[in-house]
Amino acid sequence: MAARIDPHAARDLLFSRLHPVVRRYCDRKMAMSVRRYVDGEDIAQEVLAAVHTLLPGYQGPPERFLPMVYRIASNKVADHFRHLGRDQSNPTDDLPAGASEEPGPAESACAGETLRELSELVSRLSDHQRQVVVLRVIGGLTSRETGAIIGATPEAVRVTQHRALHRLRTWLAENAQDPA
C-alpha cells in the first residue's frame, strides 16, 4: 500500500521554503527604490499568490520551477517600479524646515544626461550581457540567483559580467577621449 501525500501539506511546505527566498529577492530589489512605500514582504506575498495560482497547471520539469518563480518576482518588482514612476506624489506630514537638500534643476539635468548616456551604453550590450549587468550590478543579485533566473551557471554569469563591464569601460574611455 503506497503512502498518500496530502496536497495541502505539500503546498504549505513548498511555500514555507519559497517565502524566505522570494522575500530576500524582493527586499534586495526594493532597496534600490528611492521612495520605498512598499515593503518587500508585500511584493513577496503578491509573488506567492501568483505562484499559487499557477501551481495546479504547472507541467514543467522541477529544475525550471525556481527560475519561473524568480521571473514572476522580477515582473512583480518591475510592476511596482512602473507604478512608482507614474506616481508623482510626495506625501508628508510636515512642511520642510528650510532649504531643500534635493538637487536643483541644473543638477537634475546633469544627472538625467548621465543616466541617459549610461542607458545608451548598456543598451549596446548583447541581450544576455545586459540581463546579467542589470541583475548583478543594478539588482544586486548573486551570481547563483542571476544564473537561476537566466538559466546559466554562476561561473558563466561571472564571466559574462566581467566581459560586459570591460566592454562598458572601453566605451566610456572612448567617449571621454572623443566628446563629439
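The values are calculated or read from the model by the stated rules, or taken from the named source; none is laboratory data. Keep in mind that what you see is a predicted model, and the values were worked out from it rather than measured. Using ideal geometry, Cβ is built from the backbone for each residue, glycine included, and neighbour counts are taken over all protein chains shown.
Among all positions in region 22-37, there is at least one residue which is at pLDDT 85 or above and charged (D, E, K, R).
Kindly indicate whether Thr160 is within 29 Å of Ser74 (Cα to Cα) and either in a loop (DSSP other than H, G, I, E, B) or modelled with pLDDT of 85 or more (or both).
Yes; evaluated as a whole, the condition is true for this residue.
Checking the structure you have, find out if any residue of region 142-150 is of a type in the set (Asp, Glu), within 16 Å of the chain's Cα centre (by Cα) and at pLDDT 75 or above. Yes, that holds for at least one residue.
Just one of (1) within 30 Å of Ala44 (Cα to Cα); (2) modelled with pLDDT of 85 or more; (3) outside any loop (DSSP other than H, G, I, E, B) fails for Leu165. It is (1). Identify the residue in region 41-96 that is modelled with pLDDT under 85 and among the polar types (S, T, N, Q) and, among all such residues, is nearest to the chain's Cα centre (by Cα). Across region 41-96, the extreme among qualifying residues is Gln88. Scanning region 119-152 for residues being hydroxyl-bearing (Ser, Thr, Tyr) and surrounded by 12 or more Cβ atoms within 10 Å (Cβ to Cβ) gives a total of 4. Taking the criterion of being at pLDDT 70 or above and among the hydrophobic types (A, V, I, L, M, F, W, C), the residues of region 110-127 that qualify are Leu118, Leu121, Val122, Leu125.
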